[in-house]
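Participant: Quick one: the structure is below, and I'll ask about it shortly.
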Amino acid sequence: MNKLTIHEYQKLAKRTCTSLGSDKLDLAHMVLGIGSETEELYKAIFLNDKVNILEEVIDKFWYIANYCTFRNYNLEELYC
């Protein structure tokens, strides 16, 4: 099985993220998403809900990847 690189993931995440019509709205959507997923992650950790913990981490990373895309950041460069 081939592993997905962070750069490849960022490109794939963008395919499922439609623009809201302006840079400000797109960035606000990503920032709010990161915040809401963080709250949901904390709740899942508190409840020791392992399935939901994984889901929230994945969701949060999707928002982070797309935030970086909208800001023209290479997530792989920021990660390493």
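Participant: Output the residue which, of all residues in segment 68-77 that are closer than 16 Å to Val31 by Cβ and touching a Cys at 6+ places or on another chain (Cβ under 8 Å), is least open to solvent (accessible area, probe 1.4 Å).
Facilitator: Leu75
Participant: Quick one: Cys17 ticks every box in (1) in a helix (DSSP H, G or I); (2) touching a residue at least 12 places away in the same chain (Cβ under 8 Å) bar one, so which box is it?
Facilitator: (1)
Participant: Does segment 33-41 contain any residue that is open to solvent by 90 Å² or more (accessible area, probe 1.4 Å) and either assigned to a helix (DSSP H, G or I) or of a type in the set (Asp, Glu) (or both)?
Facilitator: The first filter runs over segment 33-41 and keeps only residues open to solvent by 90 Å² or more (accessible area, probe 1.4 Å), leaving 39.
Among the residues that remain, those that are also either assigned to a helix (DSSP H, G or I) or of a type in the set (Asp, Glu) (or both) are: 39.
Yes, segment 33-41 has at least one match.
Participant: Additional query: Take the conditions modelled with pLDDT under 95 and out of contact with any His (no Cβ under 7 Å at 6 or more places or on another chain) and apply them to Tyr67. Does it pass? If you could, list the steps in order and put the result at the bottom.
Facilitator: Numbers: modelled with pLDDT under 95: no; out of contact with any His (no Cβ under 7 Å at 6 or more places or on another chain): yes.
No: the conditions fail for Tyr67.
Participant: Report whether or not Leu25 is in contact with a helix residue (DSSP H, G or I) (Cβ under 9 Å, 6 or more places away or on another chain) and without any contact (Cβ under 8 Å) to a residue 24 or more places away in the chain. Quick ask: steps written out before the conclusion?
Facilitator: Working: in contact with a helix residue (DSSP H, G or I) (Cβ under 9 Å, 6 or more places away or on another chain): no; without any contact (Cβ under 8 Å) to a residue 24 or more places away in the chain: yes.
No, not satisfied.
Participant: In segment 1-32, which residue that is under 19 Å from Tyr79 (Cβ atoms) and charged (D, E, K, R) is surrounded by the fewest Cβ atoms within 10 Å (Cβ to Cβ)?
Facilitator: Lys3
Participant: So which of Ala65, Ala44 ends up being in contact (Cβ under 8 Å) with a residue 40 or more places away in the chain, part of a helix (DSSP H, G or I) and buried (at least 17 other Cβ atoms within 10 Å of the Cβ)?
Facilitator: Values: Ala44 fails: in contact (Cβ under 8 Å) with a residue 40 or more places away in the chain.
Only one candidate qualifies: Ala65.
Participant: Identify the single condition in (1) assigned to a loop (DSSP other than H, G, I, E, B); (2) surrounded by fewer than 17 Cβ atoms within 10 Å (Cβ to Cβ) that Leu54 does not satisfy, given that it satisfies every other one.
Facilitator: All conditions are met except number (1).
The values are calculated or read from the model by the stated rules, or taken from the named source; none is laboratory data. This structure is a prediction, so every number in the text was calculated from the model and none was measured. Here Cβ is always computed from backbone atoms with ideal geometry, including for glycine, and neighbour counts include all displayed protein chains. Areas reflect the complete protein model, heavy atoms only, side chains present, ligands, DNA and RNA absent. Shrake-Rupley method; radii C 1.70, N 1.55, O 1.52, S 1.80 Å.
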